[in-house]
1. Over the heavy atoms of ASP70, what accessible area does a 1.4 Å probe trace out, to the nearest 10 Å²?
2. Taking the Cβ-Cβ separation of PHE164 and GLU65 as r and a Förster radius of 41 Å, what is the calculated FRET efficiency to the nearest 0.05?
3. Find the all-direction average of the projected area of the Cα convex hull for segment 80-184, expressing the result in square nanometres with one decimal place.
4. Taking R0 as 30 Å, what FRET efficiency do you get between ALA74 and GLU35 from their Cβ-Cβ distance, rounded to the nearest 0.05?
5. Just subtract the alpha-carbon distance of ASP145 and THR85 from 0.36 nm times their residue separation and send over the number in nm, one decimal.
6. Roll a 1.4 angstrom probe over the protein heavy atoms and tell me the percent of accessible area of segment 128-190 that is carbon or sulfur.
7. To the nearest 0.05, what FRET efficiency results for ASN155 and SER181 with a Förster distance of 30 Å applied to their C-beta separation?
Amino acid sequence: MKRRLTALLLTAVMGLTLAACGGKAEDNMSAISRELGSGDGQVHIADVELPLAGSLKTEGMTPEEEARADELRAMAVEAMGIVNTRRAERGLPALAWSEDLERCALIRASEIVSTWSHTRPDGSDWWTVNSELMYGENIAKNFKDASGVVEGWLNSPGHAANIFDENFVTCSIAIYEAGGSLYFAQEFGY
């Protein structure tokens, strides 16, 4: 009887934990990368306006939206700091923040709300936001803070491979907010 009660309690705790985290980790994160020079010489730079509900201030935002954008950007910068700390622990150099990649990341973070995939809503590859800059991508959703999303990425081999890739030298993270959920895109470059 005591074992059955213990098993029931453990099952309940695990179920609540998964529910609080939004389900299985595989459902909340995805990673991909491509080789330098891939893309058959194609240059893609998407002509997409930056969304109004993300971690970058854009024209037309209300003061409240600007304040929220500042909060989300601070979270993205904090996540980048954690990434660089973890890279340093492995003897890897820090990744440099790229404002151009940050704009790409915000576009991708807004796109994964409707299309949870490394394929863009128009069917093109993830890196076509700017093919001259984007060589690796980690995406995540339903995390509440910087440490949570980075730990989630680090606990996944594909995501960790991007974070610890010694060839990447630039990176940026952007966060898009929709329906009370946060969508994260981390973009890497050479």
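The values are calculated or read from the model by the stated rules, or taken from the named source; none is laboratory data. None of the values given here were measured: they were computed from a predicted structure. When we count neighbours, we look across all protein chains shown, and the Cβ atoms used for this are built from the backbone with ideal geometry, even at glycine. Surface areas here come from the heavy atoms of the whole protein model, side chains and all, with no ligands, DNA or RNA. Shrake-Rupley method; radii C 1.70, N 1.55, O 1.52, S 1.80 Å.
1. For ASP70, the solvent-accessible surface is approximately 80 Å².
2. 0.75
3. Reported value for the Cα convex hull: 6.3 nm².
4. Efficiency, rounded to the nearest 0.05: 0.35.
5. Here the segment from ASP145 to THR85 would lengthen by 19.9 nm.
6. Accessible surface attributable to carbon and sulfur in segment 128-190 totals 46 percent.
7. 0.90
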